[in-house]
Amino acid sequence: MNTQFFATHRERFSNQLEEHSLAVFFAGQAPQSSGDQLYPFISNRNFYYLSGINEPHLVLVMTKFNSEVTEHLFVERPDPIMAKWIGESISPEEATDISGIADVAFLEDFQPFIQNQLLGKPYQHLYLDLEKRSWDATQTPAQTFAQDMSSRYPFIQLHNAYHTICDMRLIKTQEEIAEIKEAGRITSEGIKHLMRHAKPGMKEYELEAYFDFVLKTHGVKHHAFHTIAAGGQNATVLHYEDNNDTVNDGELVLLDLGAQWHHYNGDISYTFPINGTFTERQKTIYNIVLKALREISSMIKPGIPFADLQAATQQLLAEECIKIGLIDDPEDISDYYFHGVSHSLGLDTHDVGTIRDRNLEPGMVITVEPGLYIPEEGIGIRLENDVVVTANGHENLTPDLPRTVEEVEAFLSENH
């Protein structure tokens, strides 16, 4: 991504600010794991969306006064001692090169800057990313800052910028779509490498290791989410992540995994027989799920209500499961299919933005992931592609995988 990419996001956001406004965004920091260890750091995604920088502790400030917008970054002052231990922190020059923001100062100047702005001009509004996932979630830097500002400057009106930026993120640019497509390509390569080495009696974590190898060889540092590599009965648990069981002869392997490429995520679900051949029952269930994947994907085009995808999935799966005698009443499909067929995909795997009550629009990137989970038979099957809505329809961003029963079995036969 070049600097113009992030500058355009800031411009789009500033156009939605009230006059006489300040907007402050925090990169965040990695929480402590144990002892002197920290969890891996990943920048607040909305901060990254506006700045392009993946470094802890940074602060972005934007002001809008009399239609004039200013942009300021605050970075850590270089510490020669810490540089010997963990490496150099980002320099002002590097921050400018990445973000395109010329005004870069050190973090100790942040509070004086805010104070001087409020002293010198009659600001009325303060925008912060006040995302809060649960009532008892840990305080974020933005929430702490909001409380501090409310007590010190009670005349300032607080606004939550979270939903504004999230809705901006819902429509992807061509640059973003290219990054998601590459994440999907690497993910597909990882799946095929895993399949080439799969055989009965392997541990699920061994399968996972073959996927991880491909990601590492492509320079991928982060997964899109915790890998699901579930054999047999484990595949009937939607978010099974232990990956420590043995996959026995005759069982299916359900994979749900993704590479993260330049902070953008791939997300693919895949199911195959560990011994290379589907049983007749497995084949029947697999073909129902594949039919849903294809028919729901064919619906995707601008103007289609997002909610219609789920309704159509439930109807199709119910009709097919009645045909094979798995259920008698369409409402009973919830016993075997109990999740959404789609979600937005981007900087977050379940990407942000209000999509559930909207119609599909060009530039939206979504998943299509029908499944059936039959615990009493030890069969769990989910198939998932990543799809971008285009001007006239859609494009599958993850096409390079065998999908039919015949293609899957042929691939496994040819590669063993």
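Determine, yes or no, whether Asp245 is closer than 17 Å to Lys181 by Cα and either charged (D, E, K, R) or in contact with a strand residue (DSSP E or B) (Cβ under 7 Å, 6 or more places away or on another chain) (or both). It is false that Asp245 is closer than 17 Å to Lys181 by Cα and either charged (D, E, K, R) or in contact with a strand residue (DSSP E or B) (Cβ under 7 Å, 6 or more places away or on another chain) (or both).
More than 29 Å from Phe211 (Cβ to Cβ), over 23 Å from the mean Cα position of the chain (by Cα), among the acidic types (Asp, Glu) and surrounded by fewer than 22 Cβ atoms within 10 Å (Cβ to Cβ): is that true of Asp332 in this structure?
On the way: more than 29 Å from Phe211 (Cβ to Cβ): yes; over 23 Å from the mean Cα position of the chain (by Cα): yes; among the acidic types (Asp, Glu): yes; surrounded by fewer than 22 Cβ atoms within 10 Å (Cβ to Cβ): yes.
It is true that Asp332 is more than 29 Å from Phe211 (Cβ to Cβ), over 23 Å from the mean Cα position of the chain (by Cα), among the acidic types (Asp, Glu) and surrounded by fewer than 22 Cβ atoms within 10 Å (Cβ to Cβ).
Remark: pairs (first residue in region 377-403, without any contact (Cβ under 8 Å) to a residue 60 or more places away in the chain; second residue not in a loop (DSSP other than H, G, I, E, B) and not small (Gly, Ala, Ser); Cβ separation under 6 Å; 6+ apart in sequence or on different chains) = Glu395/Val388; Pro402/Val408; Pro402/Phe411. Within region 160-172, is even one residue within 24 Å of Phe26 (Cα to Cα) and of a type in the set (Gly, Ala, Ser)? Within region 160-172 (the criterion being within 24 Å of Phe26 (Cα to Cα) and of a type in the set (Gly, Ala, Ser)), the answer is yes, since at least one residue qualifies. For region 116-127, state whether one or more residues are within 30 Å of Val247 (Cβ to Cβ) and loosely packed, with under 15 Cβ neighbours inside 10 Å. Among the residues of region 116-127, not one is within 30 Å of Val247 (Cβ to Cβ) and loosely packed, with under 15 Cβ neighbours inside 10 Å, which makes the answer no. Filter region 205-233 down to residues that are polar (S, T, N, Q) and under 27 Å from Gly340 (Cα atoms) and give me whichever is surrounded by the most Cβ atoms within 10 Å (Cβ to Cβ). So, considering only residues that are polar (S, T, N, Q) and under 27 Å from Gly340 (Cα atoms), the one surrounded by the most Cβ atoms within 10 Å (Cβ to Cβ) is Thr227. What number of residues within region 272-307 satisfy the criterion of being touching a residue at least 60 places away in the same chain (Cβ under 8 Å), part of a helix (DSSP H, G or I) and farther than 19 Å from Asn385 by Cβ? Final tally of qualifying residues: 3.
Is it fair to say Thr236 is within 19 Å of Pro273 (Cα to Cα), free of Cβ contacts under 8 Å to residues at least 40 places away in the same chain, surrounded by 15 or more Cβ atoms within 10 Å (Cβ to Cβ) and β-branched (Val, Ile, Thr)? Walk me through how you get there before you give the answer.
On the way: within 19 Å of Pro273 (Cα to Cα): yes; free of Cβ contacts under 8 Å to residues at least 40 places away in the same chain: no; surrounded by 15 or more Cβ atoms within 10 Å (Cβ to Cβ): yes; β-branched (Val, Ile, Thr): yes.
Spelling it out, it is not the case that Thr236 is within 19 Å of Pro273 (Cα to Cα), free of Cβ contacts under 8 Å to residues at least 40 places away in the same chain, surrounded by 15 or more Cβ atoms within 10 Å (Cβ to Cβ) and β-branched (Val, Ile, Thr).
Quick one: in region 364-397, of everything that is of a type in the set (Asp, Glu) and more than 18 Å from Val253 (Cβ to Cβ), which residue is surrounded by the most Cβ atoms within 10 Å (Cβ to Cβ)? So the residue we want is Asp386. Once region 18-32 is narrowed to residues that are modelled with pLDDT of 95 or more and within 29 Å of the chain's Cα centre (by Cα), the residue that is farthest from Thr63 (Cα to Cα) is Ala27.
Of Leu119, Leu126, which residue is more than 21 Å from Asn44 (Cβ to Cβ), not in a loop (DSSP other than H, G, I, E, B) and not charged (D, E, K, R)? I'd like the intermediate steps shown before the answer.
Working: Leu126 fails: more than 21 Å from Asn44 (Cβ to Cβ).
Going through Leu119, Leu126 in turn, just one is more than 21 Å from Asn44 (Cβ to Cβ), not in a loop (DSSP other than H, G, I, E, B) and not charged (D, E, K, R): Leu119.
Residues that are touching a Phe, Trp or Tyr at 6+ places or on another chain (Cβ under 7 Å), within 19 Å of Met195 (Cβ to Cβ) and not β-branched (Val, Ile, Thr) occur in region 236-251; there is at least one. Residue count for region 131-162 satisfying the condition of being modelled with pLDDT of 95 or more and under 20 Å from the mean Cα position of the chain (by Cα): 2. Restricting the first member to region 209-224 and to residues that are under 15 Å from Ile268 (Cα atoms), and the second to residues that are buried (at least 16 other Cβ atoms within 10 Å of the Cβ) and hydroxyl-bearing (Ser, Thr, Tyr), the beta-carbon pairs closer than 8 Å and six or more apart or on different chains are Phe211/Thr227; Asp212/Thr227; Ala224/Thr187; Ala224/Thr349. In region 13-22, is there at least one residue being surrounded by 15 or more Cβ atoms within 10 Å (Cβ to Cβ), hydroxyl-bearing (Ser, Thr, Tyr) and under 22 Å from Gln157 (Cα atoms)? Scanning region 13-22, I find at least one residue that is surrounded by 15 or more Cβ atoms within 10 Å (Cβ to Cβ), hydroxyl-bearing (Ser, Thr, Tyr) and under 22 Å from Gln157 (Cα atoms), so the answer is yes. When region 325-358 is filtered for residues that are more than 30 Å from Leu130 (Cβ to Cβ) and assigned to a loop (DSSP other than H, G, I, E, B), the ones remaining, listed by number, are Gly325, Leu326, Ile327, Asp328, Asp329, Tyr336, Tyr337, Phe338, Val341. Filtering region 54-107 to residues that are under 22 Å from Pro40 (Cα atoms), touching a residue at least 60 places away in the same chain (Cβ under 8 Å) and assigned to a loop (DSSP other than H, G, I, E, B) leaves only Asn54.
Quick one: would you say Ala318 is part of a helix (DSSP H, G or I) and out of contact with any Lys or Arg (no Cβ under 9 Å at 6 or more places or on another chain)? Judged against the criteria, Ala318 is a match.
In region 27-39, the residues that are under 27 Å from His72 (Cβ atoms) reach residues that are in a loop (DSSP other than H, G, I, E, B) and among the acidic types (Asp, Glu) with C-beta atoms within less than 7 angstrom, at least six apart or across chains, in these pairs: Ala27/Glu55.
Can you tell me which residue is surrounded by the fewest Cβ atoms within 10 Å (Cβ to Cβ) among those in region 58-77 that are closer than 24 Å to Phe145 by Cα and either of a type in the set (S, T, N, Q) or modelled with pLDDT under 95 (or both)? If you could, list the steps in order and put the result at the bottom.
Residues of region 58-77 closer than 24 Å to Phe145 by Cα: 58-65, 69-77.
Pick out the ones that are also either of a type in the set (S, T, N, Q) or modelled with pLDDT under 95 (or both) and you get 63, 65, 70, 76-77.
Numbers: Thr63: 21, Phe65: 16, Thr70: 13, Glu76: 17, Arg77: 11.
Here the answer is Arg77.
The values are calculated or read from the model by the stated rules, or taken from the named source; none is laboratory data. The model shown is predicted, which means the values in this text are computed figures rather than measured ones. Don't worry about glycine lacking a Cβ; one is built from the backbone with ideal geometry, like all the others, and counts go over all protein chains shown.
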